[in-house]
Amino acid sequence: MPRVTSILPPGHGRGLPYDTVTLDSDARRLRRKLLRLSGGDEVMIDLPQTVTLEHGSGLELDDGRIAGIIAADELLYEVRARDTAHLLRLAWHIGNRHTPAQLEQTRILIRRDHVLKTMLEGLGASIANVTEPFSPEHGAYHSHGPHSHALLSR
């Protein structure tokens, strides 16, 4: 079974992947896992520390091939505010509930949760159902581990 020897960043320029694996945001945060690629091959990833695989990154295998990472679409709420100050206030309330969130300049994405939706609407937020890839922030205490193109120690 092929093993991952390095993680390549999005836009790595090493050519097209021979195959891909589609993972949601939770599955893209990993340390050790057997991944089944879309064509059926399995590859082993065994890292010294937990990392988050980005959409478009590559897994370089010990046989030289590259497997591509695709971020899966997820069911989310798109949270919008009246203005920047309101968006910051909404972000504070979401963070106060330790809810994973993708923070953008004009919106916040969170997983669908009717309790949070009701709370945010009560705070004046506009909420829309969206289905798209989710890349939440990881917080101040997550491991910074090896960066995208660092070689793995084996």
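Numbers below:
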quantity	calculated
By accessible area with a 1.4 Å probe, ligands and nucleic acids excluded, highest first: order of VAL130, VAL79	VAL130, VAL79
Backbone HN-Hα couplings from phi across the range 114-122 [Karplus 6.51/-1.76/1.60, Hz, Gly and Pro as x]	4, 5, 5, 4, 4, 4, 5, 5, x
Computed E for HIS98/MET44 - FRET, C-beta separation, R0 25 angstrom, nearest 0.05	0.20
Accessible surface of the chain, 1.4 Å probe, proportion on carbon and sulfur as whole %	51
Stretch gain in nm, segment ASP19-LEU123, where the contour uses 0.36 nm per residue and the Cα spacing is subtracted	33.0 nm
Percentage relative contact order, the chain, counting C-alpha pairs under 8 Å, at least six apart	28
Placed amide H near PHE134: partners under 5 Å, 5+ positions off or other chain	SER25, GLU74
Whole-Hz ³J(HN,Hα) from phi, Karplus 6.51 cos²θ - 1.76 cosθ + 1.60, for the range 75-85, glycine and proline x	7, 10, 9, 9, 9, 10, 10, 5, 7, 4, 4
Environment charge of THR84, counting only residues whose C-beta is closer than 15 Å and scoring Lys/Arg +1, Asp/Glu -1	+2
Selection from LEU76, GLY124, PRO2 lying farthest towards where the dipole of the chain points positive, charges on Cβ	GLY124
Net charge over other residues, Cβ less than 15 angstrom from the Cβ of LEU30 (K, R count +1; D, E count -1)	+2
LEU88-HIS138 FRET efficiency (beta carbon distance; Förster radius 30 Å; 0.05 resolution)	0.95
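The values are calculated or read from the model by the stated rules, or taken from the named source; none is laboratory data. Since this is a predicted model, take the numbers as computed values, not measurements. Cβ sites come from the backbone with ideal geometry, for glycine too, and all protein chains shown count toward neighbours. Ligands, DNA and RNA are excluded from the accessible area calculation, which covers all protein heavy atoms including side chains. Shrake-Rupley method; radii C 1.70, N 1.55, O 1.52, S 1.80 Å.
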